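Worksheet: one structure, shown below.
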Amino acid sequence: MFQVFTTINEWVRVQVAEALGKMGDATIAKLIAYHLESEEDDHVRATLVKTLGLIGDKNMLPVITLYLQDKDSRVRANGVEALMNLGLPDSDIINALMKLIGDPSNRVRANTALGLACLGEKKGREILIQMLETTDEFMRASATYAIGELAEPEDSSKLLEILGDSSWLVRKNAVKALVKLGVRSLPGATDALSSPNTAVRLGALEVISELGDSVARQAVIPLLEDESGEVRSMAEAVLDRLSSRG
């Protein structure tokens, strides 16, 4: 199968790398590490690093650590994910991640913060809050995504606040994060329907559309008379969807 890596088609190499992650063992991990030394395509390298994490061979720590310093942000971001999958002692992972807390890439920094937070390291949360306070919408979007991955109920109020962000991408990730929290986010979303911010009302409607029930339906009905035509239209669509669930 590794002969395929001589092909000029990067997508073929990516698909092979993904397949190896599903069938891999320590032997394949060594072969991947060997090939990584000569792979020049950033996308393929990123996929191979992710594959090493899926295989989960602890002996690959030195290899993955090397690619945490790669020039390509996708490779570094996948390196963080791979590191988290190796089953190493928390202290070893934290030490490696702390070297990336100032990475210029939004994805790398968010993955790093998420990893630290998952390991109980308070620095992870601090990084996410700092990212949310930047003017860079991609930093804010990645931080919002990471908060959603943590899926902590106490983040619900912050995510509802983010529904009013100026960036559509950030708001989209906030909706996804609230949906991931499940019915725990419904009370806050229902309250948010009365927000003076149109974007917040729209985001709350999206959350209720995914999670709502007959109780939430009653809270949506008044928005059929909302001052915003977009809100009125979405409220109607949400009510239809909730009604179809019985």
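The values are calculated or read from the model by the stated rules, or taken from the named source; none is laboratory data. From a predicted model like this one, the values you see are computed outputs, not experimental measurements. For neighbour counting, all protein chains shown are included, and Cβ atoms are generated from backbone atoms with ideal geometry for every residue, glycine included.
Of the conditions (1) touching a residue at least 40 places away in the same chain (Cβ under 8 Å); (2) surrounded by fewer than 22 Cβ atoms within 10 Å (Cβ to Cβ), LYS172 satisfies every one except a single condition; which number is it?
(1)
Which residues, taken from region 56-89, are charged (D, E, K, R) and either assigned to a loop (DSSP other than H, G, I, E, B) or at pLDDT below 95 (or both)?
Listed by number, the residues that qualify are ASP57, LYS58, ASP70, LYS71, ASP72.
(1) in the same structural domain as TYR145 (by TED's automatic domain parsing); (2) touching a Ser or Thr at 6+ places or on another chain (Cβ under 9 Å); (3) surrounded by 17 or more Cβ atoms within 10 Å (Cβ to Cβ); (4) not β-branched (Val, Ile, Thr): which one isn't true of PRO104, the others all being true?
(3)
When only residues in region 9-54 that are modelled with pLDDT of 85 or more and among the polar types (S, T, N, Q) count, which is farthest from SER73 (Cα to Cα)?
THR51
In this structure, does VAL49 turn out to be assigned to a helix (DSSP H, G or I), closer than 26 Å to LEU169 by Cα and assigned by TED's automatic domain parsing to the domain that holds VAL16?
No: the conditions fail for VAL49.
Please find, among SER209, SER195, SER243, SER233, the residue that is assigned to a helix (DSSP H, G or I) and surrounded by 17 or more Cβ atoms within 10 Å (Cβ to Cβ).
Answer to the check: SER209.
Output the qualifying pairs, or none if there are none: Cβ atoms under 6 angstrom, residues six or more apart or on different chains, first residue in region 61-75 and without any contact (Cβ under 8 Å) to a residue 40 or more places away in the chain, second residue part of a loop (DSSP other than H, G, I, E, B) and of a type in the set (Gly, Ala, Ser).
From residues that are without any contact (Cβ under 8 Å) to a residue 40 or more places away in the chain, the pairs are SER73/SER105.
Within region 123-171, track down each residue that is among the acidic types (Asp, Glu) and either at positive phi or part of a helix (DSSP H, G or I) (or both).
If the condition is that a residue be among the acidic types (Asp, Glu) and either at positive phi or part of a helix (DSSP H, G or I) (or both), then GLU126, GLU137, GLU149, GLU154, ASP155, GLU161 are the ones that fit.
Residue under question is GLY148, and the condition is that it be surrounded by 17 or more Cβ atoms within 10 Å (Cβ to Cβ) and in contact with a Lys or Arg (Cβ under 6 Å, 6 or more places away or on another chain); does it hold?
yes
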